[in-house]
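Since the structure comes first, as structure tokens, the remarks are kept for the end.
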Amino acid sequence: MAGDHDDDLKPETTEGFKVGEKKTIDEYQQLDQNDESLRKWKESLGIGTGKDISDKSDPRKCIIQSLGLEVEGRPDIIIDLKTPGALEALKDKPFTIKEGAQFRMKATFKVQHQLLAGLKYLQVVKRMGVKHKMQEMIGSYGPNTEDKPIHEKKFEPETAPSGMVGRGHYNAVSKFIDDDGETHLMFEWSFDVKKDW
């Protein structure tokens, strides 16, 4: 069923932008070691700043470990994606959002083996035949290290729909994709907007 949404979940592109040549982590570490700005850029990605903790038996480049929903004054809703059946539960067991509430999504993830360039979160929400598409740039990251074993990204705040028209059941499809066009996670989920929690 998620295949039906592939056209909806294509990332927005910037005219004239071209993805750079792929390099290994070792190649990045050898680049212009005397160039201060390049050294700072590599540090910002976590390249060369600690022992790489990539799992050699796991070929994945990016592992989304949890998704969360933050609402001020309420406990966070965290979906641990390492738990078997967690993705299936997202679709079959909608969570509730109070109409008009301010909320923010967040994701934790691990990067392995090589640089992850331009990770994005794409989402299409549907209700009564109307689609709403959203794209959030997460960024570029080097492999996680003992010093930085996990990455977390908090998305821009959003406001839940409100009023009689806004209340109801919503279905969504989400995808994490990088600049190389590699999809790291795609899943369907649902939520209900109600008068109260």
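The values are calculated or read from the model by the stated rules, or taken from the named source; none is laboratory data. Please read these numbers as outputs of a predicted model, since none were measured by experiment. Positions of Cβ are generated from backbone atoms using ideal geometry, with glycine treated the same way; all protein chains shown enter the neighbour counts.
If we scan the stretch 128-142, do we find a residue that is farther than 30 Å from LYS22 by Cβ and among the basic types (Lys, Arg)?
Among the residues of the stretch 128-142, at least one is farther than 30 Å from LYS22 by Cβ and among the basic types (Lys, Arg), which makes the answer yes.
Working only within the stretch 181-197, note down all residues that are under 28 Å from GLU12 (Cβ atoms) and among the hydrophobic types (A, V, I, L, M, F, W, C).
Selection gives LEU185, MET186, PHE187, TRP189, PHE191, VAL193.
So for the stretch 155-167 (the condition being under 13 Å from LEU9 (Cβ atoms) and surrounded by fewer than 15 Cβ atoms within 10 Å (Cβ to Cβ)), does at least one residue qualify?
Looking through the stretch 155-167, none of the residues is under 13 Å from LEU9 (Cβ atoms) and surrounded by fewer than 15 Cβ atoms within 10 Å (Cβ to Cβ).
Looking at the structure I just gave you, is LYS131 surrounded by fewer than 14 Cβ atoms within 10 Å (Cβ to Cβ) and part of a strand (DSSP E or B)?
Answer is yes for this residue.
Would you pick out the residues in the stretch 139-192 that are assigned to a loop (DSSP other than H, G, I, E, B) and under 16 Å from GLN112 (Cβ atoms)? If you could, list the steps in order and put the result at the bottom.
Just the residues of the stretch 139-192 that are assigned to a loop (DSSP other than H, G, I, E, B), to begin with: 142-144, 146-150, 155-157, 160-162, 167, 178-182.
Listed by number, the residues that qualify are GLY142, PRO143, ASN144, GLU146, ASP147, LYS148, PRO149, ILE150, ASP178, ASP180, GLU182.
Considering (1) at pLDDT below 95; (2) in contact with an Asp or Glu (Cβ under 6 Å, 6 or more places away or on another chain), say which one VAL165 fails and leave the rest.
(2)
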